[in-house]
1. Give me the pairs, please: first residue somewhere in region 476-487 and more than 12 Å from ALA561 (Cα to Cα), second residue anywhere and of a type in the set (Lys, Arg) and not in a strand (DSSP E or B), beta-carbon distance under 8 Å, and either six or more positions apart or on two chains.
2. Assuming ALA1130 fulfils every condition listed in (1) of a type in the set (A, V, I, L, M, F, W, C); (2) closer than 30 Å to ILE1046 by Cα; (3) more than 48 Å from the chain's Cα centre (by Cα) apart from one, which condition is it?
3. With respect to LEU655, determine if the residue is crowded, with 18+ Cβ neighbours inside 10 Å, under 27 Å from SER564 (Cβ atoms) and in contact (Cβ under 8 Å) with a residue 12 or more places away in the chain.
4. Keeping to region 689-712, report how many residues are closer than 16 Å to ALA763 by Cα and touching a residue at least 24 places away in the same chain (Cβ under 8 Å).
5. Could you pull out the residue among GLY511, GLY518, GLY538, GLY528 that is at positive phi, touching a strand residue (DSSP E or B) at 6+ places or on another chain (Cβ under 8 Å) and among the small types (Gly, Ala, Ser)?
6. Restricting attention to region 786-799, report how many residues are out of contact with any Pro (no Cβ under 9 Å at 6 or more places or on another chain) and crowded, with 20+ Cβ neighbours inside 10 Å.
7. Is there any pair linking a residue in region 1096-1124 that is under 30 Å from TYR1139 (Cα atoms) and touching a residue at least 60 places away in the same chain (Cβ under 8 Å) to one that is acidic (Asp, Glu) and assigned to a helix (DSSP H, G or I), with Cβ under 9 Å and at least six apart or on different chains, and which?
8. Just to be sure, is ARG862 surrounded by fewer than 19 Cβ atoms within 10 Å (Cβ to Cβ), out of contact with any Phe, Trp or Tyr (no Cβ under 9 Å at 6 or more places or on another chain), of a type outside the set (A, V, I, L, M) and under 30 Å from PHE930 (Cβ atoms)?
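The values are calculated or read from the model by the stated rules, or taken from the named source; none is laboratory data. Quantities reported herein were computed from a predicted structural model and do not represent experimental measurements. In this analysis, Cβ positions are derived from the backbone assuming ideal geometry, glycine residues included, and neighbour counts consider all displayed protein chains.
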Amino acid sequence: PLALQRALRPLKRKVPSPRARLLDEDATADRIARLGGRPDVWFPVLRPAPDRWLRLNLVHDTGPTMPVWRPLVRELHTTLAQSGVFRTVTVHRATPDGHAHHVPLLADGRTVTLIVSDCMGPQWRPGPAGDRWYRTLRRWATRMPLAVVQPLPEHLWHTTALPAAPGLLTAPTAAAPSAALTFVPYEDAARESIHGTLPLPVLEPAPAWLANWAALLAAPGGGHAPGALAWLPPTPEPPAEQAPAVTALPAPDLVLHFRATASPEAFRIAGHLALANPSLPVMRLVQRALDRSPRPQHLAEIILSGLLTAVPGPPGSYEFRPGVRELLLRSLPRTARTRTREFLARVGESIDEQAAVTPGEFRVETQGEEGTEFATVRAETVERLGGETEEGLVGGRYRLLGRRGQSRRMWAAVDMRTDRPVVVHRYGPQAAPQERFLREARALADLRHPNVVRVLDYGVEAERPYLVAEFEDGVTLAELLIGSGPGVSFRVYAQLVSDVVPALEALHERGLVRGQEGWDGLLLRPDGAVVISRFALGEDSQGHDERSDFLLFRSMLRALASDSPNSLRFQRLQAELAQGTDQVDAVRRLPRSAAFDWSLGGVEADRLRITLLGPLNIRRAGRFLTASPDAQALLCMLLLKQGRRVTRTQLAEGLWERPPSGAEATRRLHEVATEVRHSLGAGTLAELADGYALHLPGDYLDLHHCEELVARRTDDLPADAQRSLVQDALSLFYGDPLDGIPGPAAKATRARLRTLRLTLCAARAELDLECGDFEQAATDLAALVQEHPDREDLRRLHILALKGMGRITEAMEAYESYAEFRQRRHGDPTDPALHELYVELHAAPGRERPTIVFEAAGLDERPDTRDALGRAVTQLLSRGDLASHQYEVLARDNGYVVLTEPDAYVLPVLVALLRNLPEALAEVEEPPRFRVTFWHAPWFAESTRPVVPEEVQAVLDAADADVLVVVSPTLYEEFADGSATLGPARFEPLRTGHGPGAPLAWYCTLNLPSHGQADESTQDLVRGPFTTPDAGRLGTPDPGRTAVVIAPSDGPMVVLHPAHPLSRNPPRLTTYYEVDLTVHRTGTVLSLPGSGGGTFVATAELSWHVQDPVAFLRSGATGVADVLLRHVAAEASRITRRYPLRRAGAAQQAVRARLQNWPVPGLSVTCAVQLAGETPPEQAAPAPPQPSDTAPT
């Protein structure tokens, strides 16, 4: 283990955690020193906590040949988990049907996967399982580093389904996906890559192999390392040559073949195994007795040699083929054959050494005279391994764990031979020879009925018969009555009738009886079915017969109905039971009667509909059921294990952060459980000896529905069908899961369900990309990226969606913004795989798109002019009928660049610019020379090259005009074909030579008009006054952001409207103002007086916008933020002085109700005030600054 841990040291590095944060004490102190302020406004500075770089998925094959490697899997798991190299090490099973269970598929550059397999199972061979498994492997290989840990020695790899060749591996980046590796074999004859195959590294579980793999994985910027590689085709390939079956050889030839091909160590072990039972645990013991440094590869050679054949029993059960044991015994030296006692002692020493220390290595079985002796052990070893002989275990194999239910004769137990949970029914002493018991138990063991528990074993011990039954999860009817009785729901009652009657008939057909009074022997499974689990056998069955069973059941049904909620359905069934003279026949007819069928008609309406994927909702027949927070938390815990038992300890730890202990916990749990019972009704909650269980078969739970949809999604389905299932699962979420439910259990489940939702969102996006619906993927991912900026997998998918839509520039900018965010937040670069995608974006061909450039010299030194140009750009784009998703405005040092979609129609923007740009720039004092260029060309965010050709750029640089508009020949042709040429603007051709050739571009010059001077005393949110010779040319302002108020000399002020009468009047000099309609915000912290000398600490946040531009303009208000804050301070002080500190909530409501009439006309104001009454009079906070000192935000 130490050598393996040293081999993985290159991977043991730390990176900033995307979530965990630590307090940066130095930076916090520096911030406080620089900013000052009171302690109540100090803010800590957090930095990312160091986190391990990689997480590891350890996937182990569970095929028929893999039991020999289980100790290796455990050792690898322990070694890797204890090495401190990986963030997490999780173990997952890969089953022979080609499924890999719950393996996280994260293309985040921080996840690696190792598969431990001998590549001999059915999932590695042609067939449905192989096709499914290879699709999974290829999907992993394209998203993360993947390698196969092959436990077989290298000289046996050619016999497996995944042969590998040695060579030199090259990785392009650190933690690169396996599909990105390149390989150069050492031997020319090695298999070369075939189109469609993916590289898959293969390594032995040895330090040297793992060291090379770790070095390749950790090399910054990529690296080289020796190794072995197999090529992974889309589906398993059949073997090129059909090898003859070794098992068909006769025993002498089989042993000779093994001796010729096996290692000396394997042949020696096989010879000594002939002295013992060749099961896998015994093999390990024999090997340990012969070799102090055993290697499991030698055992694998024996298992794969054909000497053994599998026999029924636990995994790893084998027997020698006929004639092989005798031949192997002859291969042993004579001294070894005569010293059997010494060999058994050596094997026993290994057991004595490992007993109760190494879990899962071997199991002790006491078989009396049966079986083959293979070891002698000490008595204390037997005690350490369980301490039971045949006298300590029921039947020599069943260990009792505890009582099952209320009965003292029913015991939960475990079969020591198979580790299988069972239920043992111990009967009272019966007189020998117990023939009646054995006869009836044999008949019961042969009975197979869905409503009768299956009997596995039976016997007699010390005149006490016992019966071993299959373990069935669920609750007994007695426990259900204790928890939510008296009485049951009609659904439970109907299930009893429909299941117990045919079960009794099946028992009676075989001469058996139930012979039980009470409800202990009726078990309700989680699916609602009722199973008879207790029987009167032997002497206990005397006095019982078919008639007594039905009469007992009839009386129990009548008593149960009388205790249940009164309803017409119960009354109909009771009347049916009372009909006729034969009471037994009435019970038999009941499940098939018309009354029973009629009663079932309303059962569906009684079902509960419970939703957890948002705030908890419980509905029955359209009516919502309510419960306290603790009752909701208990209900959620039981719902997650519906039909299964949950102990009181588990419930207390899940309900409360500091759970009570002992009797107090029992009392509080009983109170909460009583509330749950009253809320759900009868027949829903079962109270057990040590806990509770919920019985809601058939009721709707959205979480179970979601998990069912996720489970139905398999790789075999088409992508659109998978996408539909994922979307259906996502549509079940209607808010934050378990929102408002308290307790640690709810918190953990909430985190799990949030992760599930994000995983489903990522899966939906991947399927959209696979189906080619890039636009839908981009739309869904844009919101997710904003909500979860740390999720790199979502970022990658978003960039791929933008790339698929041809929006290369946006994809590159998405990467750059994330890289900047990651550097600022975590201080580390992006993942190499994501950076590789960015490099691919650079190489992608850019599509020509209409590009508009607004520029002027010296804008970096004139911020006012730059802002005015920015406002003009926004207005022109709005007037040009471009939707917001069709363009993007980027800032340059000398102006702005507008990037549009490739198919955007920009001619209306050109027309709006020719008509409105001079007026839009009229406010600029001493304006520079402006130039606007319309051109069709690819453009990237980081590019500094001109948009127009160089020869055109040289001519433009020498131009002298107030505003120079340049358009490409393509756009001018569209402009010339339209009616816009009737306007005053005239374009001239731009040529570099003197010939009549086609112009390189077209240009037009515009002159900036003079404008009036604004008043020296400016008004907030108002710009102007301005003058224009023609109000009809003002155009429409940006809706929701700016309003234009006309101030004619012969009339009142009016807000400009597209259909304003002035636009049809003759041109004349007109004064106008521009009013800002956007939302503005500010905030402050106030100290407000309270009654009794106390002080409230108030946090006020204000937002306002102009609702009536004319009224606001007439008010002439200035310093709006100060006016509003002074109003809040004055009004709030009058109110809070009437409230003591303990009534902060009431004072807060009163302040909010009072703050309605605001002192500035034309404004719509929203105010949020939070009061805290935590400052006593003797520690009153210092007086806050006056509102006039608080700048609006």
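1. Pairs found: GLY483/ARG677; SER484/ARG677.
2. So ALA1130 meets the others, but not (2).
3. Values: crowded, with 18+ Cβ neighbours inside 10 Å: yes; under 27 Å from SER564 (Cβ atoms): no; in contact (Cβ under 8 Å) with a residue 12 or more places away in the chain: yes.
No; evaluated as a whole, the condition is false for this residue.
4. Total satisfying the criteria: 2.
5. None of the other options fit; the residue is GLY538.
6. Selection size over region 786-799: 6.
7. Filtered contacts from region 1096-1124: VAL1097/ASP40; ASP1122/ASP1189.
8. So ARG862 passes the test.
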